[in-house]
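First up is the structure itself, then whatever we jot down about it.
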Amino acid sequence: MSNDETRTQFQTLLEQLRTDLVHMGAMVIEGISAVTEALLAVDVAASDQIVTADDELDLLSLEAEEMCIEMLALQQPVAIDLRTIVTDLKMVAEIERSGDLVTNIAKAIPRIQGVELEPRLRGLIDRMREQAVKLFGLAIDAYSEGDAGLASALGDLDDRLDDLHNDFIDTVFSSRTDRLLTTQQAVQLAVIGRFYERIGDHAVNIGERVQYLVTGELPEHAGAQRARARREAESAG
Amino acid sequence: MVNVNEPIAGRRAESFVSVPISDDVAAMNTEHATDQQSPHDAVFAVEDLEVYYGEFRALKDVSLDINMHEVTAFIGPSGCGKSTFLRCFNRMNDLIEGARVEGRIDYHGVDLYDERVDPVEVRRRVGMVFQKPNPFPKSIYDNIAYGPKLAGAKKGDLDDIVERSLQRAALWDEVKDRLKSSAYGLSGGQQQRLCIARAIAVQPDVVLMDEPCSALDPIATGRIEELIGELTSDYTIVIVTHNMQQAARVSDRTAFFSVQLNDEGMRTGELIEVGETRAIFTNPADSRTEAYITGKVG
């Protein structure tokens, strides 16, 4: 033992948890690509496999959460260690929910059976996939590296995904107007588009948590400050 | 080159029972028996233990196992009998007039309190570190060498024994250039690590620690806690601590003791709950345990 190192077991657990969360994030990223492939092929068998695979992510999420709770109970973390564990707890929720969104896309595939996706729709789905994968990948990188700068850039990338989503919705409804899709199919596709857009939002949330981890600040602090100022003005006035 | 974990040269590695009762007991007493057990088997098995000081019953109804290569922590309020219980494992209570033990403690399957058991040999195998560091008024070297020398270690082996013990106690680098200087010149934390080195120099099986960090600052405490984690690869540790957060950090299993007031106003300690530390501190089974560890009851 180096005479200066203490709490090495605790630090090892924290590092293991970070590794586990990065692994879970990678599973979501793979899932986004896999479900998009299944969607474009309207492949029901593949979609069933993706739904089943979510069980593994649920198990890992539970184990990670239990680890966080155990460390809070046994290690009395403070400062950066406390922010790390709180961040990790929130990360588990963001990643697990993102996995659920992938599953939701998979579950929608059987409902669009028989649809011939026109090239414009296929193109937009693929670009949403690309943007969601990029966004989620950078969010996990930012977490893994503790990179607040990278984390703060995610909002702009998410705007791009939001634009693609809007284009997708417009295209779905013009396809409906052109009678290329039934109402039911159009609604399903619109919902699928929303799922991609929500994955992007979770990636942005991960970025915000990384900024909190590094700086102790959240975007909500700005709004909270305004609310406090208004409260004070009201009680003074 | 002497391996500090092998029997000390020159000493019979045989029984701690002075006269073998039977072949079974003699077999149990040898170093061999320890090797045949697997990790996490019980080193001590306690059954219905009670401890009396004269007519005063200090402790009652204690049954638990101490598992090999684990850290077991005893927590509880003042007067609950945890230090009394700790002293049962190396028969230190024998030295208190009027103290007596009822019930049973088996050490590697042998009744620790059998009249044929040699308590001195027990205390060699079951070492102890106390709350206040208590080095001998000797040099650092002689503190460590004292026990092995008494046990018959050859002069030529002492240097290696001293170095190995100080290395194991994470103190060697700090003292290697002043082994002949007085142990009293060390800081409190260093003295406590010296006491740990002294205990392990005689190759114990178990190390008992009675509030080992109470007299130390947080940095020294952190180093001792780190050391405790490392020592379990070779030893079994039992620690009494009034700092339950320390118990949460360092131990594998935790036993919670509390005090019961009887009709005559006598306070007797009793075991409330024992289990895996992670379970005790996230979801204890007994509401009294929960009240204590959440600080709702002192």
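Only the coordinates and a few stated rules stand behind these numbers; no lab work does. This one's a predicted model, so the numbers in the text were calculated from it and none came from an experiment. Reconstructed Cβ throughout: ideal geometry from the backbone, glycine too, with neighbour counts over all protein chains shown.
Among the listed pairs B:Lys60/B:Lys149; B:Lys132/B:Lys296; A:Lys107/A:Lys134; A:Lys90/A:Lys134; B:Lys60/B:Lys296; B:Lys82/B:Lys176, which have their C-alpha atoms separated by more than 32 angstrom in this model?
Values: B:Lys60/B:Lys149 39 Å; B:Lys132/B:Lys296 29 Å; A:Lys107/A:Lys134 23 Å; A:Lys90/A:Lys134 21 Å; B:Lys60/B:Lys296 24 Å; B:Lys82/B:Lys176 36 Å.
Going by Cα-Cα distance, B:Lys60/B:Lys149; B:Lys82/B:Lys176 fall outside the 32 Å limit.
So how do A:Thr182, B:Thr236 line up by other beta-carbon neighbours within 10 Å, fewest first? Could the numbers behind the result be given before it?
Values: A:Thr182 13, B:Thr236 24.
The fewest-first ordering by Cβ neighbours comes to A:Thr182, B:Thr236.
Normalised radius of gyration for chain A, please: alpha carbon Rg relative to 2.2 N^0.38 Å, two decimal places. Could you put the intermediate results ahead of the total?
Values: Rg = 21.0 Å, N = 237, 2.2 N^0.38 = 17.6 Å.
So chain A has a normalised radius of gyration of 1.19.
Determine by what factor the alpha-carbon radius of gyration of region B:187-298 differs from 2.2 N^0.38 Å, reporting the quotient.
1.20
In what sequence do B:Val297, B:Val126 fall when counting other Cβ within 10 Å, fewest first? Can you show the working numbers first?
Values: B:Val297 12, B:Val126 25.
Starting with the residue having the fewest Cβ neighbours, the order is B:Val297, B:Val126.
For chain B, what log10 I(q)/I(0) values come out of the Debye formula at q = 0.09 1/Å, with one point per alpha carbon and no solvent?
With no solvent term, the Cα-only Debye profile gives -0.45.
Determine the shielding of peptide B:221-228 by partner chains: average, over its residues, the number of Cβ atoms on other chains within 10 angstrom of each Cβ. Numbers along the way, then the final one.
Details: counts 1, 3, 5, 1, 3, 8, 2, 0.
The mean count of partner-chain Cβ atoms within 10 Å per residue comes to 3.
Can you tell me the length gained on complete extension of the stretch B:Lys155 to B:Glu276, counting 0.36 nm per residue apart and subtracting the Cα distance? Spell out each step's value before the answer.
Working: separation 121, 0.36 × 121 = 43.56 nm, distance 4.39 nm.
Gain on stretching B:Lys155 to B:Glu276: 39.2 nm.
Given the rule -39500 (n - 2.57) for each run of at least 4 DSSP H residues, summed and divided by the residues of chain A, what is its mean residue ellipticity at 222 nm, to the nearest 500 deg cm²/dmol?
-30000 deg cm²/dmol
What does the convex hull of the Cα atoms come to per residue for the protein assembly as shown, in Å³? Walk me through the numbers on the way to the answer.
Working: hull volume 129.4 nm³, N = 535.
So the per-residue hull volume is 242 Å³.
For chain B, what does -39500 (n - 2.57) per DSSP helix run (n ≥ 4), summed and divided by total residues, give at 222 nm, in deg cm²/dmol to the nearest 500?
Values: 12 runs with 104 residues, N = 298.
Roughly -9500 deg cm²/dmol at 222 nm, from the helical runs in chain B.
Could you give me the ³J(HN,Hα) list for region B:132-148, computed from phi with Karplus coefficients 6.51, -1.76, 1.60 and θ = phi - 60°, whole Hz, x at Gly and Pro?
9, x, 10, x, 5, x, 9, 6, 4, 4, 5, 4, 6, 6, 3, x, x
Counting only C-alpha contacts under 8 Å and six or more residues apart, can you give the relative contact order of chain B as a whole percent?
Working: 560 pairs, mean separation 73.4, N = 298.
Relative contact order for chain B comes out at 25 percent.
Of B:Val120, B:Val259, B:Val46, which is the most mobile in a GNM of chain B whose springs link Cα atoms less than 10 angstrom apart?
B:Val120
What is the dipole size for region A:8-236, taken about its Cα centre, with +1 at each Lys and Arg Cβ and -1 at each Asp and Glu Cβ, in debye to the nearest 20? Write down the numbers at each step before the final one.
Numbers: 21 positive and 41 negative charges, 159 e Å.
Dipole magnitude for region A:8-236 comes out near 760 debye.
Quick one: Karplus J couplings for region A:215-223, per residue in order, coefficients 6.51, -1.76, 1.60, θ = phi - 60°, nearest Hz, x for Gly and Pro?
Using θ = phi - 60°, the values come out as 10, x, 10, 10, x, 4, 4, 5, x Hz.
Identify, among A:Gly237, A:Tyr143, A:Phe173, the residue whose Cα sits farthest towards the positive end of the charge dipole of region A:120-237, taking +1 on the Cβ of Lys and Arg and -1 on the Cβ of Asp and Glu, with the dipole about the Cα centre.
So the residue we want is A:Phe173.
Taking other Cβ within 10 Å of each residue's Cβ, how do B:Tyr235, B:Tyr141 sort, fewest first?
Working: B:Tyr235 23, B:Tyr141 19.
By the 10 Å Cβ count, ascending: B:Tyr141, B:Tyr235.
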